[in-house]
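The values are calculated or read from the model by the stated rules, or taken from the named source; none is laboratory data. In this text the structure is predicted, and so the values were computed from the model without any measurement. Note that each Cβ is placed from the backbone with ideal geometry, even for glycine, and that neighbours are counted across all protein chains shown.
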Amino acid sequence: MKQTALALSALTFGLPIGLAIGVATGGCQQKVSASAEVPGSAQKSLAASAPRDLIGSEIQALFADKTVEGHHEVEGYDFQSYYEPDGRFRSYEGPDKTLRAAKWWVQAGEICVRWDDKPQDLCRKMVVDGQGRYRKEKELPGGRRKVVVTFKSFAPGNRYKL
């Protein structure tokens with residue numbers, strides 16, 4: 001019941017449902033899935049909404065102190081990452097689950113990462129679609145975008161002790 005009310009509030013204010021529930025529950029040990037259940041009429045309204053960019057505070061709330069699982073669409077591998085609130089970041093990635101370290105931050109409505117082994121800032125837009133699925137997109141010339149990462153889940157804390 002509480003989550004249904006939060007989902008409807010999220011719709012009213014244009015927030016991703018998973019983000020609204022995760023923030024409103026104070027980061028409880030509930031897994032925030034990349035998609036969320038909503039009541040019938042709200043689901044129809046949500047499904048009809050177009051994808052939208054997340055703003056900086058939404059990005060910060062979605063990633064800080066979360067274990068994140070997803071798929072790198074360009075490189076073709078799955079990953080498990082942990083985003084520390086202080087800006088440190090570690091990730092198991094690739095078929096051999098190589099552990100990599102980086103710094104992360106939010107800047108100008110984008111999530112940015114600078115890998116320890118590559119001194120280049122990689123800043124990308126975060127997008128949520130009408131079903132509450134999240135993805136990271138790279139801006140291309142001419143205003144086009146390319147999906148770089150699709151996210152499967154966001155869970156509180158450092159689930160894999162990265």
Out of (1) closer than 16 Å to PRO156 by Cβ; (2) at pLDDT 95 or above; (3) out of contact with any Ser or Thr (no Cβ under 7 Å at 6 or more places or on another chain), the one GLY26 does not meet is (2)
Checked against (1) in contact (Cβ under 8 Å) with a residue 12 or more places away in the chain; (2) small (Gly, Ala, Ser); (3) not in a loop (DSSP other than H, G, I, E, B), GLY142 satisfies every condition except (1)
In the set ALA61, ALA42, ALA36, ALA47, the lone residue that is in a helix (DSSP H, G or I), surrounded by 14 or more Cβ atoms within 10 Å (Cβ to Cβ) and either modelled with pLDDT under 95 or over 17 Å from the mean Cα position of the chain (by Cα) (or both) is ALA42
Looking at the range 151-162, is at least one residue touching a helix residue (DSSP H, G or I) at 6+ places or on another chain (Cβ under 8 Å), among the hydroxyl-bearing types (Ser, Thr, Tyr), surrounded by 15 or more Cβ atoms within 10 Å (Cβ to Cβ) and in a strand (DSSP E or B)? no
Only one of (1) surrounded by fewer than 18 Cβ atoms within 10 Å (Cβ to Cβ); (2) in a strand (DSSP E or B) does not apply to LYS136, and that is (1)
